[in-house]
Amino acid sequence: MAAIDSISRPSLGWRTPLVIVICGSLIGMLTFGPRSSVGFFMQPFSQEFGWGRDVFALAFAVQNLLWGIGQPFAGAVADKFGSVRVICVGALLYAAGLLMMRYSSTPLELNISAGLLIGFGLSGCSFNLVLSAFGKLMPPEWRGIALGAGTAAGSFGQFIFAPFTVAMIDHTGWQATLVTFGMLMLLVLPLAMVLATPKAETGAAASPVPEQSFKSALVEAFNHRSYVLLVLGFFTCGFQLAFITMHLPAYLVDRGLPAATGGWVIAIIGLFNIIGSLLVGYVQGKWPKRYILSFIYFTRALATVAFITLPLTTTSALVFGAISGLAWLSTVPPTSSLVSLMFGTRWLATLYGFAFFSHQVGGFLGAWLGGVVFDKFGSYTPVWWFSVLFGLLSALINLPIVEKPVERAVAQPA
């Protein structure tokens, strides 16, 4: 695999691995920051227009689902034609969604702006595309730390944007905050140029071995037991992250804590996820990735049980944020690395995209069920326990994964 990678990887010139990691990480920070702060807009929107929490939760759920649906297709286009145009189109859709969200005054308009436009925008410019570009551009010795850094950068964006969002809403209003976020998305366009990956070559001279087709890559992956287990386990990650991102700020206010506490808890999650992502990016080269994933999901389940059963205070909320942060997006580097290990990097963005679709189906249910359950029962408790159950199941699902390249009758380029 390493030999094939070194043959197929293009000469990058001034785009050294460090330059690529920095620019890709900035994209991850800019695109993940506003999205991770969406929960702070739920109460202002609900108060402004007299909506129940289910209205805003549905728009966020739609965003998660469409992000997941669009990811495999965005990945396929990036694999076929290169990353730059996909990331740029995604950033423009994201910016348009944020700006339209500022003028949304009906549930339909909110579903179009926060749901459709931002959802499809994220599928094109989020850290998933950045990680896939890293997988294609980085030499093998850089991959683990690059994947960890790219994931951590999104969390640094969360750390910065969470308290910034609370302060902006308090001082300038939610409308001006959304406009500011929309303008910031335009910074992604120049940064994306550094992540240019080569277009797929065609013809007999393109490669000394036959090129694997899109269809055969999908058939191979979905007939591979370990890939299917990985995809199923990733569902839980999406469910837990979307529920907490969307509903934790409101949950803390409901329990008597100030809104600023929610901002700092989300920020703490982002800060500690930097540590968790970088740590996992380092240790995944030393420990079996399936054990790392199982440990992460089990840790999340235990942390949630403690959080909802012990007395809630500002301190306990911050501790929950710290533990959750260590396990937040740290599932992404080993998941992406396992896909690369099993199938190579030729269709990495596509195959990781399908895994991410499972993640976002979980995100849809986590966000939507949180709003529906709260409006029906006046409590988030049932959804918290669903989160615990899914965490334990995913801890078990990841254990049988076999960590080795797929066996092929004819070798394929990575």
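The values are calculated or read from the model by the stated rules, or taken from the named source; none is laboratory data. Computed from a prediction, not measured in an experiment: that's the story for all the values here. When we count neighbours, we look across all protein chains shown, and the Cβ atoms used for this are built from the backbone with ideal geometry, even at glycine. The area values use the complete protein model at the heavy-atom level, side chains included, leaving out ligands, DNA and RNA. Shrake-Rupley method; radii C 1.70, N 1.55, O 1.52, S 1.80 Å.
Couple of notes before you dig in:
- In terms of the mean number of neighbouring beta-carbon atoms within 10 Å, the peptides 306-313, 268-275 order highest first as 268-275, 306-313.
- When W347, W142, W51 are compared by accessible area of protein heavy atoms, the largest-first order is W142, W51, W347, using a 1.4 Å probe.
- The fraction of accessible area contributed by carbon and sulfur in region 297-342 is 79 percent, rounded to a whole number (1.4 Å probe; ligands and nucleic acids excluded).
- Angle of helix 259-283 to the longest C-alpha principal axis of the chain, folded into 0 to 90 degrees and rounded to 10: 20°.
- Estimated FRET transfer efficiency (D375, L396; beta-carbon r; R0 35 Å; 0.05): 0.60
- Spin-label model, L312/R85: points 7 Å from Cα along the beta carbon direction are separated by 4.9 nm.
- Only one residue of L218, S379, G28 has its Cα farthest out toward the positive end of the dipole of the chain, where Lys and Arg carry +1 and Asp and Glu -1 on Cβ, and that residue is L218.
- Top of P249, P140, P34 by mean-square fluctuation, Gaussian network on the chain, Cα under 10 Å: P140
- A 1.4 Å probe run over the protein chains yields, for the chain, 38 Å² of accessible area per residue, whole-number rounding.
- Gain in span if fully extended, E141 to Y282, counting 0.36 nm per residue against the direct Cα distance: 49.7 nm
- Which labelled figure in [x] 57, 52, 37; [y] 64, 41, 33; [z] 61, 54, 44 is Cα extents along the principal axes in Å, once derived from the coordinates: [y]
- Remark: the chain carries a charge dipole of roughly 620 debye about the Cα centre, counting +1 on each Lys and Arg Cβ and -1 on each Asp and Glu Cβ.
- Applying 0.36 nm per residue to the separation of S213 and L302 and subtracting their alpha-carbon distance, the gain on full extension is 27.8 nm.
- The accessible surface of region 1-148, taken with every protein chain in place and a 1.4 Å probe, is 71 percent carbon and sulfur.
- The separation of region 226-295 from region 95-147, counted between C-alpha centres, amounts to 18 Å.
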